[in-house]
Amino acid sequence: MRCLVTGAAGFIGSHLTERLIADGHEVIGVDAFIDYYPRALKEANLRALLRSPRFQLIEADLSALDLSPLVAEAEWIFHQAAQAGVRGSWGKSFTVYMARNIAATQRLLEAAVRAPRLRRFVYASSSSVYGDTPALPVTEDTLPQPVSPYGVTKLAAEHLCTLYWRSYRVPTVSLRYFTVYGPRHRPDMAFHCFGKALLEGQPLAIHGDGRQTRDFTYVSDIVEANICAATAEDVEGRAFNIAGGSRVSLRDVIALLEELSGRKAVLDYREAAPGDARHTYADISLARRLLGYMPAVSLREGLERELAYLETLYGRSAPALADRLDDAREADYALAHAMGTQPGVVLPLAAIDASAVAPGGGQ
Ligand SMILES: NC(=O)c1ccc[n+]([C@@H]2O[C@H](COP(=O)([O-])OP(=O)(O)OC[C@H]3O[C@@H](n4cnc5c(N)ncnc54)[C@H](O)[C@@H]3O)[C@@H](O)[C@H]2O)c1
């Protein structure tokens, strides 16, 4: 298949693109390298991909790029690009969330109306669309009531997907991801922050009492769900919960991280952040039935893999920062070569440090 993956340099987009390439597909990835977190991490995400002749990267913003020629060739579109992060979506930055999450999606859908080869358009939605629902686990019939502006933008884009299916037969499917984790985890997300703090012997900042629960999903299960959504029949216009099937409190996660890392955490409790849902827990029976989706990676196994990744970034055996910078520069040249442009500016050392990133509250 000819695939278009937006947000291909990001956490989920890069894993998905690797899977598509491994399965023998051709992929054009689009990413604007937005500065929500360091470019060097995204370049590292792309390192293996750039060696494949079946992968092409276009560094561009969906808000400005001429999408028609790209979409005209695509058989599968996986729309992962977004401005992520719940806590940052309040205030003035909401305009950025509107542009990157709603307007950019509308541009892509509009281009998809005139895409003769398109078989499926999979949209990365979020559990944030639900907000604080009293009845758990949530099914897709639960009334979405987001508690963050981010959730509002993800829901608006989901409605656009349904609308373009109903009005123009753009074959959309929305996947409501529940807290995704794993190697390449975004540095604003809880597990990444916790793992980094543990490895560096720093206190772990907990927003709220730590008893809030999440349905965590390992990244390869999310990738599998995207493939299922692209291939399942008669599912256009629908939204599906995609979760890992294990609902755990933050305190339990920290205890597991302590066990796996062999280190004791120092907990720094802070006020609960506005926009964070208290609990998330998904009923995934619809995805199981109609998409054939089954999560396969347990929390323990997934956390082990994430810790191993974080060890390469922050652990004692991590390469010296200077080496990491060299790696980033190498990737930057490879990237520039792939795009036929000049290498860009590599971020200063400090930028690779996740502490330079404000905790975004996930999603
Ligand atoms: N990570 C999670 O737990 C989670 C949960 C629910 C939903 N999601 C959704 O999954 C998708 C991927 O999330 P992620 O965690 O991989 O985030 P990410 O920030 O790592 O990846 C998103 C990528 O999109 C790119 N991008 C953003 N706006 C763009 C634009 N206008 N044009 C081109 N590129 C643009 C960014 O540069 C980034 O590389 C997002 O749509 C997010 O809302 C993620």
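Give, in nm to one decimal, the length gained when the segment between Val266 and Asp35 is fully stretched (0.36 nm per residue of separation minus the Cα-Cα distance).
Details: separation 231, 0.36 × 231 = 83.16 nm, distance 3.01 nm.
The span from Val266 to Asp35 would gain 80.1 nm if fully extended.
Could you sort 70-79, 277-286 so that the peptide with the highest average Cβ count within 10 Å comes first and the rest follow in order? Please report the intermediate quantities before stating the final value.
Values: 70-79: 22.4, 277-286: 20.2.
Highest mean packing first, the order is 70-79, 277-286.
Check Val30: other-chain or 5+ apart residues with amide H under 5 Å from its amide H, H built from backbone geometry?
Residues meeting the amide H criterion: Val5, Thr6, Gly7, Ala8, Ile58.
On the Cα set of the chain, report Rg and Dmax in Å, please.
19.4, 57
May I have the extent of the alpha carbons of the range 51-158 along their three principal axes, as whole Å values ordered from largest to smallest?
Result, largest extent first: 47, 32, 31 Å.
In whole percent, what relative contact order does the chain give with Cα contacts below 8 Å and a gap of six or more residues?
Values: 737 pairs, mean separation 75.1, N = 363.
21 percent.
Which order, highest average first, do 3-12, 26-35 follow once you tally other Cβ atoms within 10 Å for each residue and take the mean per peptide? Please report the intermediate quantities before stating the final value.
Details: 3-12: 27.5, 26-35: 20.7.
So the order, starting with the most tightly packed, is 3-12, 26-35.
Please list the non-local residues whose amide H lies under 5 Å from the amide H of Ser246, H modeled 1.01 Å from N, same-chain partners needing a gap of 5 or more.
It is Phe216, by chain and number.
Could you compute the FRET efficiency for Tyr309 and Asp61, with r as their C-beta to C-beta distance and R0 at 30 Å, rounded to 0.05?
Details: r = 28 Å, r/R0 = 0.93.
The calculated FRET efficiency here is 0.60.
Whole-Hz ³J(HN,Hα) for each residue in the range 266-282, computed from phi via Karplus 6.51 cos²θ - 1.76 cosθ + 1.60 with θ = phi - 60°, x for glycine and proline: what do you get?
Working through the residues one at a time gives 9, 9, 10, 6, 10, 4, 4, 8, x, x, 7, 6, 6, 9, 10, 7, 10 Hz.
Residues of the range 133-176 with backbone nitrogen within less than 18 Å of a virtual label 7 Å along the Cα-to-Cβ line of Asp23, please, listed as ranges.
171-176
Can you order the peptides 298-307, 101-110 by their average number of other Cβ atoms within 10 Å per residue, highest first? Let's see the in-between values first.
Numbers: 298-307: 17.4, 101-110: 20.8.
Final packing ranking: 101-110, 298-307.
For the range 256-309, rounded, prolate or oblate, judged on the Cα gyration tensor with a ≥ b ≥ c (square roots of eigenvalues), a/c < 1.5 rounded, else prolate if a/b > b/c?
Numbers: a/c = 3.75, a/b = 1.37, b/c = 2.74.
It is oblate, given that a/c is not under 1.5 and a/b is not larger than b/c.
Go ahead and estimate [θ] at 222 nm for the chain from helices alone: -39,500 (n - 2.57) per DSSP H run with n ≥ 4, summed, over the residue count, rounded to 500. It would help to have the intermediate numbers written out before the result.
Numbers: 11 runs with 131 residues, N = 363.
Only helices count here, giving -11000 deg cm²/dmol.
Here, each number is a calculation from the coordinates, and none is a lab measurement. Keep in mind that what you see is a predicted model, and the values were worked out from it rather than measured. Every residue, glycine as well, gets a Cβ built from its backbone with ideal geometry; the counts of neighbours run over all protein chains shown.
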